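Every number here is computed from the coordinates shown, using simple stated rules; none is lab data. Only a predicted model underlies this, so the values are computations on that prediction, with no experimental measurement involved. Reconstructed Cβ throughout: ideal geometry from the backbone, glycine too, with neighbour counts over all protein chains shown.
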Amino acid sequence: MTQETYLLVLNAIGLIAFSFSGAIKAIIHHLDLFGIIFLGLSTALGGGAIRDIMVHQVPAMLTDINYIFFSLLGIIGAILIKKNRDNAVYTKIFFVSDGIGLASFTSSGCLVAYDCGLGPIGIIVLGIITAIGGGIIRDILVNEIPIVLNKELYATCSFIGCVIFWIFALIFDIKYASFLSVLTVFIIRMIAIKYRWNLPRFS
């Protein structure tokens, strides 16, 4: 598998997972069909659009119809699954899909930064922005404090994944570094949710 194909697969997974989580959030908040689609698309496409603008590129969603296609797949999946699930199960599915999106987009953001010739700071910044941008937009649109600001480890998971990517990209094949990044982010995020790991709070 070429690096370009690998990035396409990674983006597809992230788009489906994040649009799915956005649609779930919309359904939980009792939004109508337009709201479900809008929130799903915003979640899936927001972080990548910010990333592309930061590196002076036209957002990929405006030039590649596949971004919309995969996002709609996630939205449709969320609508279909809702028919047979209660809110408690649906919330658990939300966290898993959000974790998959966080992991996939952390790594895809790192790959874009790497391809642009950026150093460790650029890799970390673009990886985190790609991963958390859509989720921030999603939560703000439904009038919630973004998960990244007040829940279990979130951006921290992305940060660790970016560091893992950078270190292993210096030693091994870039796809191997990317895979380890995805795995690390997802595992840490799921453990953080299960055991309620948080950064210190001050009040």
Calculated from backbone phi, Karplus (6.51, -1.76, 1.60) coupling profile of the range 49-63 in Hz, x at Gly/Pro: 5, 4, 4, 4, 5, 5, 9, 6, 10, 5, x, 4, 5, 8, 10
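With 10 angstrom as the radius, rank F172, F18, F179 by how many other C-beta atoms surround their C-beta, starting from the fewest. Don't skip to the end; give the middle numbers.
Numbers: F172 12, F18 34, F179 17.
Arranged by neighbour count, lowest to highest, F172, F18, F179 become F172, F179, F18.
Sort W197, W166 by Cβ crowding within 10 Å, fewest neighbours at the top.
The order, fewest Cβ neighbours first, is W197, W166.
Residues with beta-carbon under 10 Å from that of G40, excluding G40: net charge, scoring Lys, Arg +1 and Asp, Glu -1? Could the numbers behind the result be given before it?
Working: positive: K25, R138; negative: none.
Value of the local net charge: +2.
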Helix 87-115: inclination vs the chain longest Cα principal axis, degrees, rounded to 10, gives 20
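Kirkwood-based Rg over Rh for the range 124-203 (C-alpha set), two decimals?
On the way: Rg = 13.8 Å, Rh = 13.4 Å.
That ratio equals 1.03.
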Partner aspartates and glutamates for K175 [C-alpha distance under 15 Å; skip if fewer than 8 residues away on the same chain]: E4, D115
List the aspartates and glutamates whose alpha-carbon lies under 16 Å from that of K194, not counting same-chain residues fewer than 8 positions away? D98, E152
Stretched out fully, how many nm does the piece from I65 to E4 gain, at 0.36 nm a residue minus the Cα gap? 20.3 nm
In whole Hz, the Karplus estimates of ³J(HN,Hα) for the range 152-163 (6.51, -1.76, 1.60; θ = phi - 60°; x where Gly or Pro) are 4, 2, 9, 4, 4, 4, 4, 4, 4, x, 5, 5
Segment T91-R201, length gained on full extension (0.36 nm per residue, minus Cα span): 37.1 nm
Note on the chain: the mean projected area of its alpha-carbon convex hull, in nm², is 11.6
Once the convex hull of the C-alpha atoms of the range 85-167 is built, how many Å³ does it hold per residue, rounded to a whole number? 90
Normalising by the residue count of the chain, find the relative contact order in percent from Cα pairs under 8 Å and 6+ residues apart. 24
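Among residues other than K151 whose Cβ falls under 15 Å from its Cβ, what is the net charge (Lys/Arg +1, Asp/Glu -1)? If you can, show how the numbers build up before the last one.
Values: positive: K25, K92, R138, R189, K194, R196, R201; negative: D98, D139, E144, E152.
With Lys, Arg at +1 and Asp, Glu at -1, the neighbours total +3.
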Taking alpha-carbon centroids only, the range 23-87 lies from the range 131-203 a number of Å equal to 19
Crossing angle, helix 174-195 versus the chain [Cα axis fit, 0-90 degrees, rounded to tens]: 40
For N198, what is the net charge nearby, where nearby means another residue's Cβ is under 9 Å from its Cβ and Lys, Arg count +1, Asp, Glu -1? +2
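Taking the number of other C-beta atoms within 10 Å as the exposure measure, put I68, I124 in order starting with the fewest. Intermediate values should be presented prior to the final figure.
Details: I68 16, I124 22.
Neighbour counts put them in this order, fewest first: I68, I124.
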